[in-house]
Amino acid sequence: MTFNPMDMTGRAVLVTGASSGLGRAAAIALSRLGARVFLLARDEVRLCETLAALEGDGHGHLSFDLNSVDDIPKVMADIAGRFSPLSGIAHFAGLMQTKPLQASKPADYESLYRVNVIAGMQLLRSCAARGIVTDAGAAVVLVGSVMSLVASPGQGAYAASKAAVLGLVRTSALELARFRVRVNAVLPAHVSTQGADTSNHHLTPEQMEQFERKHPLGFGRPEDVANAAAFLLSDASRWITGSALTVDGGYTAQ
Amino acid sequence: MDQATFLGHMEESLRAKPGSIQMAHRFHDLDGWDSIGALSVIAVIDERYGVTMDAGELLSCRTVGELAGLVERNLRKAA
Ligand SMILES: NC(=O)c1ccc[n+]([C@@H]2O[C@H](COP(=O)([O-])OP(=O)(O)OC[C@H]3O[C@@H](n4cnc5c(N)ncnc54)[C@H](OP(=O)(O)O)[C@@H]3O)[C@@H](O)[C@H]2O)c1
């Protein structure tokens, strides 16, 4: 057998946002590395499409609205009990929005913060509870964005929520190290997905071209982000915690 | 759709003086008309009329009146 430091055989991993875009690609990549994947998002039909695209057996799924943040601990206990204690959690569920400050309302900030940050916090909290992650520990990946680091007009609510993700990742990396739980973030730049395309609907084709030129390697593919997350979930990154990996085709290098 | 209210929304999103924007005005001639102004107009139309439009649709309207017409057609389609 060839040596693969990213091998995930026998690992159970929860992927939120698995019904679409980057989360779907991450679930597929993890299944190819041998993981048993548990898919979570609201849309049952699209979750089943992801399920059908997974390699291997023993996967699971649940339709759940992460806006119900108070129910997350119970859902995590159910998943750990009925599926398996987890070796990994990847929080790909997230909301994107483009709205200038002038048009923004407190409710915009609250709704983005709820799914992008508070749901992530609840997932992390469950790692400190007994029996949710394996005794050998686990790895958690939250999804930030290059907007955690740099700005763009119209991204106030989004950038604020994604900057908060970084603070949450660093703090929980420190707090959860004693349970052998590692916590990291991936910070993607633009990858075409349903969510990103909707959020960019205000850009004309010429503006999209300009936007792509800001990515020295061009726009990314869902697999590019999925593979980075898989690395952070695997033992290949066993000494990495509290870090943020930009996966951005060079967007933030300039 | 009430025209005065529509113009009020345009003025609000472009930070223009009340009463200063007319249906016949061209967007390119308006103060504050730039990419962020366009974003604000898209956001206000989404919020007030529940009509989601993309940049192409907005930029296809040369005048404020053409945009009002587009929003109205969308509202009728939805009804
Ligand atoms: N694509 C990019 O360019 C890009 C760049 C940087 C960061 N990101 C981040 O990557 C993550 C995934 O984005 P994406 O591009 O894959 O977007 P997407 O295609 O819109 O996918 C978003 C996923 O989140 C799930 N979700 C949203 N609200 C939810 C809720 N209340 N409860 C449960 N699940 C929910 C959606 O599932 P349901 O609708 O089925 O619930 C969907 O599976 C987001 O955090 C985004 O900010 C994306």
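The values are calculated or read from the model by the stated rules, or taken from the named source; none is laboratory data. Model, not experiment: these values are computed from the prediction. A quick note on method: Cβ atoms are made from the backbone with ideal geometry, for glycine too, and the neighbour counts reach across all protein chains shown.
So which of A:Val37, A:Val45, A:Val15 ends up being farther than 24 Å from A:Val186 by Cα and modelled with pLDDT of 95 or more?
A:Val45
Only one of A:Arg36, A:Arg42, A:Arg46, A:Arg32 is in contact with a Gly (Cβ under 6 Å, 6 or more places away or on another chain) and surrounded by fewer than 23 Cβ atoms within 10 Å (Cβ to Cβ). Can you tell me which?
Numbers: A:Arg42 fails: in contact with a Gly (Cβ under 6 Å, 6 or more places away or on another chain); A:Arg46 fails: in contact with a Gly (Cβ under 6 Å, 6 or more places away or on another chain); A:Arg32 fails: in contact with a Gly (Cβ under 6 Å, 6 or more places away or on another chain).
Result of the check over A:Arg36, A:Arg42, A:Arg46, A:Arg32: A:Arg36.
Which residue, of A:Ser161, A:Ser87, A:Ser104, is away from the ligand (no atom under 14 Å from the Cβ), polar (S, T, N, Q) and crowded, with 22+ Cβ neighbours inside 10 Å?
None of the others qualify; the one that does is A:Ser87.
Which numbered condition trips up A:Gly218, out of (1) within 16 Å of the ligand (Cβ to nearest atom); (2) at positive phi; (3) touching a strand residue (DSSP E or B) at 6+ places or on another chain (Cβ under 9 Å)?
Condition not satisfied by A:Gly218: (3).
Within the range B:51-72, can you find the residues that are within 14 Å of chain A (Cβ to nearest Cβ) and not in a helix (DSSP H, G or I)?
B:Val51, B:Thr52, B:Met53, B:Asp54, B:Ser60, B:Cys61
Return the residues of the range B:25-50 that are assigned to a loop (DSSP other than H, G, I, E, B) and within 14 Å of another protein chain (Cβ to nearest Cβ); say none if nothing qualifies.
Once the filter is applied, which keeps residues that are assigned to a loop (DSSP other than H, G, I, E, B) and within 14 Å of another protein chain (Cβ to nearest Cβ), the range B:25-50 yields B:Gly32, B:Trp33, B:Asp34.
Select, from B:Arg15, B:Arg62, B:Arg48, the only residue that is touching a strand residue (DSSP E or B) at 6+ places or on another chain (Cβ under 8 Å) and surrounded by fewer than 20 Cβ atoms within 10 Å (Cβ to Cβ).
None of the others qualify; the one that does is B:Arg62.
Determine if the range B:5-24 includes at least one residue that is in a loop (DSSP other than H, G, I, E, B), closer than 24 Å to A:Glu206 by Cβ, touching a residue at least 24 places away in the same chain (Cβ under 8 Å) and more than 10 Å from chain A (Cβ to nearest Cβ).
Within the range B:5-24, not a single residue is in a loop (DSSP other than H, G, I, E, B), closer than 24 Å to A:Glu206 by Cβ, touching a residue at least 24 places away in the same chain (Cβ under 8 Å) and more than 10 Å from chain A (Cβ to nearest Cβ).
So, restricting to helices (runs of 4 or more DSSP H) that lie completely within the range A:1-93, which ones have at least 2 residues that are in contact with a His (Cβ under 6 Å, 6 or more places away or on another chain) and either free of Cβ contacts under 8 Å to residues at least 60 places away in the same chain or acidic (Asp, Glu) (or both)?
Details: elements: A:21-32, A:44-53, A:72-82.
Once the helices (runs of 4 or more DSSP H) in the range A:1-93 are filtered for at least 2 residues that are in contact with a His (Cβ under 6 Å, 6 or more places away or on another chain) and either free of Cβ contacts under 8 Å to residues at least 60 places away in the same chain or acidic (Asp, Glu) (or both), what remains is A:44-53.
Six or more apart or on different chains, Cβ atoms under 8 Å: show the pairs whose first residue is in the range A:187-207 and under 22 Å from A:Thr252 (Cβ atoms) and whose second is away from the ligand (no atom under 13 Å from the Cβ) and of a type outside the set (Val, Ile, Thr).
Cβ pairs passing all conditions: A:Leu203/B:Ala55; A:Gln207/B:Ser35; A:Gln207/B:Ala55.
Hey, could you check the range A:194-211 for residues that are more than 13 Å from B:Asp54 (Cα to Cα) and of a type in the set (D, E, K, R) and say which is nearest to the other protein chains (Cβ to nearest Cβ)?
A:Glu206
Restricting to the range A:91-101, name every residue that is more than 10 Å from the ligand (Cβ to nearest atom) and in contact with a Ser or Thr (Cβ under 8 Å, 6 or more places away or on another chain).
Result: A:Thr98, A:Pro100.
Which fully enclosed helices (runs of 4 or more DSSP H) of the range A:99-188 have 2 or more residues being within 14 Å of chain B (Cβ to nearest Cβ)?
Details: elements: A:106-113, A:119-128, A:156-176.
Fully inside the range A:99-188 and qualifying: A:106-113, A:156-176.
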